[in-house]
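Beneath this line is the structure, given in structure tokens, with notes to follow.
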Amino acid sequence: MLRCVEYSEHGVTMRLTVTAEGKEEVAEVIPPDNELRVLASSCYSDARTGTVEHLVDVQGEREAFILLVSVQEELGRIVRIQRLN
């Protein structure tokens, strides 16, 4: 079972997940076959919250933007998505 979080911006919805193989990375789930496309990002660990913060570069059809995706390290799950610009 694939765990996804939806993020909507200007009528466009992205389904995001965390890869389970090796290094955890943020990936977009591409329909209809639920293929994973790893998104370009840099990350850092926040020991205070127990999360890994991923700065994800999104190249949309209308614009490019940066998302801050917080992943709960122990569970490997996305717990928050915030647009930075």
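Structural remarks
- Of all residues in the range 24-59, those that are in contact (Cβ under 8 Å) with a residue 24 or more places away in the chain and more than 15 Å from Ser70 (Cα to Cα) total 3.
- The residue that is nearest to the chain's Cα centre (by Cα), among those in the range 29-85 that are surrounded by 15 or more Cβ atoms within 10 Å (Cβ to Cβ), β-branched (Val, Ile, Thr) and within 12 Å of Thr17 (Cα to Cα), is Val69.
No lab work stands behind these numbers, since they all come straight from the coordinates. In this text the structure is predicted, and so the values were computed from the model without any measurement. Reconstructed Cβ throughout: ideal geometry from the backbone, glycine too, with neighbour counts over all protein chains shown.
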